[in-house]
Structure formats: structure tokens, C-alpha cells
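Structure first, commentary second.
The values are calculated or read from the model by the stated rules, or taken from the named source; none is laboratory data. Given the structure is predicted, the values throughout are model-derived calculations rather than measurements. For neighbour counting, all protein chains shown are included, and Cβ atoms are generated from backbone atoms with ideal geometry for every residue, glycine included. Remember, those area values only see protein heavy atoms, side chains included, never the ligands or the DNA or RNA. Shrake-Rupley method; radii C 1.70, N 1.55, O 1.52, S 1.80 Å.
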Amino acid sequence: MVFSLAQVPIEPGRARSVPVNSGQSRGREGGTSTTLAWPSLHSLHIAILRGQSSCHELELFSIDSRLPRLAYQIKMSAGPYNYSYIFKYIIIGDMGVGKSCLLHQFTEKKFMADCPHTIGVEFGTRIIEVAGQKIKLQIWDTAGQERFRAVTRSYYRGAAGALMVYDITRRSTYNHLSSWLTDARNLTNPNTVIFLIGNKADLDAQRDVTYEEAKQFAEENGLMFVEASAKTGENVEEAFLETAKKIYQNIQDGSLDLNAAESGVQHKPTQPGRTNLSNDSQSSRDNCSC
Amino acid sequence: MASLSPEHNVAVCIPSTQQCDGVTLYNINLCVGGVQWSVKQRYNAFAELHEKLVSNHGVARDLLPPKKILGNKEPSFIEKRRCDLELYIQTIINFMHHTLPRELAEFLDFHHYELTHLLQSMARQFYEEGDKVLSEGHPVVFTPLQLHALSYRLKNPLPPSVAAADETDFSHVVDFVTQVKHLVIQGSSQPFRASNIIQNNLPYTLNTFKSVETLTLTEACTAPIGHLGAVRRTTRTLQVNQSGMTQMSDILLCDAVFQETVEGSDPHKWLSLTDVDVSCNQIKKTDDSIALAPNIEKLNLSCNKLSSVESLTKLPHLISLNLSNNLFSELESMHTKLGNVVDLDLSQNSLTSLKGLSKLYSLASLNVSTNNICEIAEVSHISGLPCLETLIITGNPVATVVDYRTKVLELFGQRAAEVCLDNERPTQRELEFVAVLQAIRASREGRLPTLSISSPLPVTTSTLSFNRPDVATAVSEYSVTK
């Protein structure tokens with residue numbers, strides 16, 4: 001990303017440009033700041049390596065009154081705050097199939113080895129990009145245990161995407177899919193995208209459910225399907241992203257009405273960029289000695 | 001707690017009226033599942049509400065008692081209107097208590113007291129402002145009632161009447177909460193607003209908070225915290241003030257059933273915690289549970305009821321310790337009770353002696369102001385501490401002694417110039433005087449005076465020696481010894 005600063009006085013023929021790579025020195029709390037100062041600087045290009053989950057603020061904080069010296073502070077705010085849609089997801093499936101691990105792998109890009117049982121519901125978010133649009137996924141991870149069913153059922157409502165997970169090494173978790181699917185169909189809206197995930201694909205030696213039969217089950221029920229591994233991360237991104245693409249496609253072709261209650265999708269108009277150039281270059285122009 | 005589930009009836013009545021600034025206010029009392037509160041509204045507010053209910057929710061227009069321009073201040077009229085309005089609001093509630101439209105809920109302050117509406121108004125607020133608040137990194141203040149509502153909601157099914165996937169969706173609350181970095185819990189033991197809710201009695205959990213770095217509890221009890229979740233792992237700065245804690249385990253083990261430290265009980269460790277402020281509580285003793293936060297560097301125990309320190313040797317990283325405004329009257333071999341502490345504040349206690357500090361060699365800064373130290377000789381116990389540079393004794397009886405500063409500084413011998421006493425560096429004049437005192441003492445003890453008071457200029461020594469070569473040797477001698 002390149003910011004051009006129109007406010008900076010530029011003398012014809014003497015313009016210089018300085019590329020700046022931000023994020024090298026540690027600064028104020030909550031972000032990284034870099035202070036830059038050059039004499040005789042007339043044009044400044046600041047290239048910011050834009051992290052996936054950070055946005056940047058550029059603010060002009062002081063101009064030396066005698067030298068045309070500019071000092072900029074670049075503050076990288078900590079969180080992801082620019083997105084245009086919110087999609088609500090729910091992850092369902094039997095106990096111990098790896099729902100929480102899939103979520104953790106997706107949000108943290110790490111495998112959680114000794115994941116505790118989920119009590120009721122858990123929650124995670126991540127911002128992804130589909131067709132150039134930033135989308136925030138709000139993901140409800142439900143407990144697989146029967147005793148929490150009353151709580152978890154109430155979260156189906158208003159989900160735009162449902163990830164239904166089974167464990168390829170345990171046949172019983174696959175056999176229960178039809179009851180999970182019934183729940184999902186009954187409690188979500190007709191446009192909810194249901195994605196079937198066969199987890200623990202890394203344990204191929206202990207496989208109890210073949211890819212083909214699961215694929216067939218998915219096709220019969222009109223589900224999207226992939227085998228994934230929360231441990232290796234294989235296909236995890238794909239499952240979440242493909243679901244989002246499908247939802248986005250439904251929005252584009254009009255089959256999903258954003259204004260309908262419980263669509264699970266919210267449009268959030270992007271705020272005007274967080275780039276903030278507070279400038280009093282007037283004083284530097286008046287006092288410029290060169 | 002008030003949650004609008006089908007089994008909770010909403011009881012409403014208007015028992016009285018009051019005059020305020022020439023306006024008649026009707027006191028509306030509500031009772032939902034054990035929670036009671038009152039709302040004051042004037043007739044015009046009823047009329048506005050009625051307008052909205054008529055246009056948005058198809059309420060019959062003639063339900064509201066009519067307006068009256070003249071004579072609306074007469075007691076008999078007000079009494080009649082009170083009865084009519086009571087009947088009106090009861091009818092409306094009967095009619096809509098399952099769906100409870102937002103206009104009505106806000107008119108009756110449901111969004112302050114009742115969980116479902118409270119969460120909806122939180123969701124709306126976070127949806128609109130959450131990202132801005134988080135990006136600016138300001139502390140976020142929650143009340144125990146809000147946290148209680150949040151925990152309650154996560155444990156129980158969402159009520160079916162609540163519309164999902166709009167700006168009041170519960171996801172927005174959780175989404176915001178998981179990202180909060182600086183959490184402030186502002187408790188209260190007083191009834192909340194115009195209700196019978198005592199916030200500090202409400203149980204809640206903090207396991208939804210995933211990114212808390214600074215946790216501050218102000219006037220909030222620690223006992224109702226049911227589960228800390230990730231907070232225990234992520235918190236770096238902990239501040240608990242005016243919470244009536246009597247021991248450290250009240251907060252460090254607030255969610256454990258047995259508040260006893262089990263050696264190596266890893267799940268309860270606060271491994272990121274470096275800065276702890278538990279000032280203004282009722283702590284009488286520092287208990288073993290402090291070992292659960294082995295990385296503490298800065299510990300503030302001021303304004304408590306401590307008379308001795310214990311268990312603080314379990315903090316190998318402790319640098320700064322504030323024990324001001326406690327009940328210390330004597331100190332015993334502090335070097336066996338504290339490790340490598342650099343900064344110690346013992347001000348506003350009742351200390352009479354500094355003997356116990358004589359071997360706390362790591363000290364660089366000591367504040368013993370406003371104690372009960374009477375003798376200059378007490379300072380000799382700490383004058384041998386090799387790193388001590390900042391010393392505050394002001395506010396003790398000893399500080400009124402004639403030539404107090406020079407007498408104290410004199411005890412530091414060669415280091416006198418390095419010691420900043422009562423926030424002031426020794427002046428040149430003082431150093432000269434100190435040098436004289438030291439010379440006198442030396443001659444009394446039968447030693448030769450050493451010309452080695454550190455000073456940027458050789459002026460000090462010139463009072464004792466008059467030819468330059470001597471000064472030069474004295475200075476070079478000093479620099480060698482240094």
C-alpha cells in the first residue's frame with residue numbers, strides 16, 4: 001500500500017522519495033511505531049506491509065519549524081476492524097470428532113493437542129477475503145455432548161453456514177450424521193450452506209469410513225464435502241472458505257436475502273479508511289528555508 | 001435474575017405519583033422473576049410510547065386515557081389518571097409480554113435490568129462501536145450485571161422470541177468480549193439504579209474473555225467469579241481495589257473450590273502476570289497462593305492490614321514492592337523475607353527502627369516516610385546498603401532534628417553525594433558540611449581524614465587542603481577507589 005501525501009510541499013525537480021518499510025521498531029503499547037525524520041524531504045512514499053489482521057494508522061505528529069523535516073509515526077492498530085460482511089457459522093457433530101480443534105486450527109493456525117470438552121458453546125472469529133470482499137466469520141462451536149443439546153440447538157437459528165463434522169476413524173460419528181442433518185435442516189433457514197467435514201484425515205491407517213461413501217452421502221443430501229485434518233491443517237481453510245464462497249455466491253445471485261430475518265449474514269458498510277493524516281504542513285511551508 | 005422466559009410473569013403497577021419541576025411523574029413498579037425495579041415517567045412519555053405502539057404494533061388507539069389541557073394538576077384528576085395509566089400499562093404488558101417490542105422495553109427500562117434486553121442493548125452498542133473501541137485500545141468497563149447476563153446466556157438456550165442475525169444478535173456481544181484487552185469490572189454493593197439488584201452478589205464467569213491483558217476490579221467482589229478461563233493465562237496486569245479481599249487467594253484462586261494451594265497446581269497458575277496492584281483491601285497476611293503468580297515483578301500491597309510479610313520469597317522476579325499504609329511496626333531480617341527487591345515503599349506505617357533492612361543489599365530505593373523513626377542512628381542500619389540511591393525519610397520525627405540532612409548523609413560516608421535524600425540531591429554546601437563532619441568523626445576515632453568525598457569540583461576538598469597537587473591526588477585516588 002502506498003500513501004501519497006498531497007499536503008507535503010514538493011518543489012519541481014527536487015523531489016525525492018523515500019520508501020519506508022514499517023514495523024521494525026517497537027513503540028507505543030498495542031502497536032508498532034516507527035519514527036521517521038529526514039531533512040530536505042519533499043515527497044514521501046510509505047509502503048506498509050499490510051498484515052492480514054492489522055490495519056495501520058499514519059499520523060503526522062511534528063514538523064520542525066526551520067527544517068523541512070517530517071516526522072511520521074505509523075501506528076499499527078492491533079485488531080482487524082475493516083470488513084463489509086459478517087457471516088455466522090455453526091459447527092456441529094458428535095463429541096470428540098474435533099470441532100473445537102478445527103476452529104482452533106482455522107482461527108489460530110495451530111493444533112490444540114489436549115483440547116478440553118466444550119461446555120455449552122465456544123466462539124471464534126476470523127476475517128477472510130472472498131472475491132475482494134473482507135468478511136468476518138463469527139463461528140459458534142457447539143458442545144457435542146447430548147446434555148448440552150438444548151443450549152446448542154438455540155444457536156442454529158440465524159446461521160449462514162453449518163459445518164457438520166464426523167470422525168473418519170469412528171463409524172458411529174458418521175452414522176449419526178443423519179440426525180445432525182435433520183436438526184440442521186429443521187432449525188436453520190433453507191439457504192444455510194451445510195458443509196460436511198470428515199475430520200482426522202491424517203489417521204488414514206485407522207480409517208473406518210471410506211471417502212466414497214461419505215461423498216455419496218453428501219451428494220444425496222446436497223452437501224459440500226471434504227476430508228480434513230485439524231492436526232495437519234489439511235483442507236481446514238478450504239472448508240471454511242468454500243462455505244463462505246458459497247454463501248457469498250448466494251448473496252450475489254439473490255437467493256439469499258440480506259434483509260430477511262435470520263439470514264445469518266449482515267452487511268456492514270466499510271468505514272472510511274482508518275488512515276488518518278492530521279497535518280499542519282502550512283507552518284512548514286511558511287518557514288521553509290530551502 | 002430476571003430473564004424473560006415463559007415461566008416469568010411480568011407484574012406491573014403504578015402505586016404512586018410525584019411532582020417534580022411542575023411535572024407529574026408516575027412511579028411504575030415492575031417485578032419480573034424476583035427482580036423488582038421502578039421507573040418514573042410523565043404522561044407525555046406514555047403518549048409518545050402509545051403513538052409508536054399504535055403505528056408499529058397495531059395497538060388500539062383509544063386504549064390510552066385522553067389528554068387534558070386544563071386542570072391537569074388537580075389531585076383528584078391525577079389520581080384518576082394514575083388508575084387509568086395503571087390499567088393501560090397492565091393491558092399492554094398482558095398483550096405483549098412475550099414479544100415485548102423495543103419501544104416498550106426501553107420505556108420500562110427492561111434494557112437496564114432484564115437479561116435478554118440488556119444483552120440486546122449491549123449487542124447493538126458493540127455492533128456499532130465495538131470495533132472503534134477495540135482499535136483505540138481503551139479499557140472497557142463491564143458491570144457484574146452485564147457479565148452475569150453474558151454467563152447466563154451462554155449456559156442456557158437462547159430464548160426463541162429473540163430475533164437473530166441483526167444488530168442485537170448475541171454473537172456481537174461474544175465477538176466483542178473475546179477481543180477485549182483491557183477489562184475493568186466496576187462492581188457495587190448498592191442496589192443497582194432503581195432496582196433491588198445487588199450487583200456484587202451476582203455470579204458470573206470470565207471464560208468468554210480470551211485476550212485480556214489488564215484486568216481491573218474496582219469495588220467488585222471476587223467471590224462471585226465462577227470461572228476465569230483464559231484470563232488466568234493471558235493477564236499481565238492485575239488490579240483489585242476496594243474489593244474487601246482479605247488474602248491473595250481471594251483473587252488468585254477465586255474460581256477454585258478449595259482455596260488451598262496445591263504444590264505445582266499448574267492449572268491455577270497465572271504465568272503472564274507481572275504487575276499486581278491489590279491496594280485498598282483488607283489483606284492481613286500474604287499467603288502461599290502468591291506462588292501461583294511466580295513471575296510478579298511489581299507488587300502493590302498498600303492500604304491493607306499487613307503487619308508482616310510472608311511467602312514473598314516465592315516471587316523470584318519481584319523488583320518493586322509497595323507496603324505503604326499498612327500496620328508494620330517492626331521489621332525483622334527483611335533480607336530473609338524478600339529476595340532481590342530493588343524498590344521498597346514502607347511509608348505511612350509505624351516503624352520505629354530500620355534495623356531489619358540492614359542486609360537487604362539489593363535496595364536502590366527506599367521510602368520510609370511518615371513513620372515513627374526518632375533517632376538519626378537508625379539510618380546507620382541502611383547506610384551500608386551499597387546500591388541505595390533514593391531514600392525518603394521525611395515525615396518522621398527524626399526529620400525535625402537540627403542539621404538532619406547532613407547528619408543522615410554523613411552516615412553514608414563516601415557515597416554521600418550519590419544519595420538522593422527526600423527527593424533532593426545533596427547540595428555542594430551540604431557535601432562540604434558532610435565532609436567536615438566526617439573529618440571530625442574520623443579524628444575523634446583517631447583515623448586520618450580521607451579526602452575522598454565524591455564531587456564534580458575539587459572545591460569540597462579545598463576546605464581541607466590548600467595546594468593543588470594534593471587535590472589532584474585526592475581526586476585520582478577517589479577515581480581509583482571508585
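Considered as a group, the residues in region A:107-136 that are within 23 Å of A:Tyr81 (Cβ to Cβ), within 13 Å of chain B (Cβ to nearest Cβ) and out of contact with any Leu (no Cβ under 8 Å at 6 or more places or on another chain) include one that is surrounded by the fewest Cβ atoms within 10 Å (Cβ to Cβ), and that residue is A:Glu108. The residue that is farthest from B:Val141 (Cα to Cα), counting only those in region B:234-251 that are open to solvent by less than 10 Å² (accessible area, probe 1.4 Å) and part of a loop (DSSP other than H, G, I, E, B), is B:Met248.
Of all residues in region B:124-158 being within 9 Å of another protein chain (Cβ to nearest Cβ) and touching a Ser or Thr at 6+ places or on another chain (Cβ under 6 Å), which is modelled with the highest pLDDT? Among those that are within 9 Å of another protein chain (Cβ to nearest Cβ) and touching a Ser or Thr at 6+ places or on another chain (Cβ under 6 Å), it is B:Ser135.
Could you go through region A:89-106 and let me know if any residue there is part of a helix (DSSP H, G or I), more than 15 Å from the chain's Cα centre (by Cα), modelled with pLDDT under 95 and more than 12 Å from chain B (Cβ to nearest Cβ). No - not one qualifying residue is present in region A:89-106.
Inside region A:195-240, residues that are surrounded by fewer than 19 Cβ atoms within 10 Å (Cβ to Cβ) and small (Gly, Ala, Ser) make up a count of 3.
Residue count for region B:371-412, restricted to those that are open to solvent by 20 Å² or more (accessible area, probe 1.4 Å) and among the hydrophobic types (A, V, I, L, M, F, W, C): 9.
Scanning region B:284-305 for residues that are in contact (Cβ under 8 Å) with a residue 40 or more places away in the chain and of a type in the set (Ser, Thr, Tyr), which turns out farthest from B:Val240 (Cα to Cα)? Going through the qualifying residues, I end up with B:Ser289. Restricting attention to region B:122-151, the residues being surrounded by 17 or more Cβ atoms within 10 Å (Cβ to Cβ) and farther than 25 Å from A:Asn82 by Cβ number 10.
A:Tyr166 meets the conditions (1) within 14 Å of chain B (Cβ to nearest Cβ); (2) more than 24 Å from B:Thr168 (Cβ to Cβ) in every case but one. The failed one is (1).
Consider B:Phe170 carefully, then state whether it is touching a residue at least 24 places away in the same chain (Cβ under 8 Å) and either within 14 Å of chain A (Cβ to nearest Cβ) or open to solvent by less than 30 Å² (accessible area, probe 1.4 Å) (or both). Walk me through it before giving the result.
Values: touching a residue at least 24 places away in the same chain (Cβ under 8 Å): yes; either within 14 Å of chain A (Cβ to nearest Cβ) or open to solvent by less than 30 Å² (accessible area, probe 1.4 Å) (or both): yes.
Yes.
Taking region A:137-153 as the range and being assigned to a helix (DSSP H, G or I) and surrounded by 19 or more Cβ atoms within 10 Å (Cβ to Cβ) as the test, the residues that pass are A:Phe148, A:Val151, A:Thr152.
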